[in-house]
Amino acid sequence: GVKTLAPVSRRSFLALSAVAPFAAAQSNRHIPIGLELYSVRDELAKDLPGTIRAVAKMGYQVVEFFSPYYDWTPERAKEVRALLDEVGLR
């Protein structure tokens with residue numbers, strides 16, 4: 001059957017409501033916002049540096065590459081790493 005939640009007493013609700021902002025403030029860890037670059041794969045294929053710069057300008061902090069990087073030479077990987085460092089992406 002369908003389970004329902006147990007009722008919460010007014011006292012419990014008020015206590016949790018009073019503590020919640022403090023708990024949220026204490027756990028306010030910086031979680032970076034990222035983008036899987038597959039979602040911009042067509043733009044990336046046409047202009048990798050421009051796309052990376054645009055992604056950084058949009059406010060993303062982290063990017064994840066997909067399979068085309070398998071074909072990169074070590075030199076190409078270093079170039080892309082330098083670009084990521086330049087625009088502040090991880």
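The values are calculated or read from the model by the stated rules, or taken from the named source; none is laboratory data. Everything quoted here is computed from the prediction, not taken from an experiment. Glycine also receives a Cβ, built like all others from the backbone with ideal geometry; neighbour counts cover every protein chain displayed.
Among residues of segment 28-50 that are more than 15 Å from residue 61 (Cα to Cα), those with a Cβ under 7 angstrom from a residue that is among the aliphatic types (A, V, I, L, M) and at pLDDT 95 or above, sequence gap 6+ or separate chain, pair up as 49/83. Within segment 41-63, if we keep just the residues that are more than 16 Å from residue 86 (Cα to Cα), surrounded by fewer than 11 Cβ atoms within 10 Å (Cβ to Cβ) and of a type outside the set (A, V, I, L, M), the residue that is farthest from the chain's Cα centre (by Cα) turns out to be 46. Here residue 31 clears all of (1) part of a helix (DSSP H, G or I); (2) modelled with pLDDT under 90; (3) among the β-branched types (Val, Ile, Thr) except the condition numbered (1).
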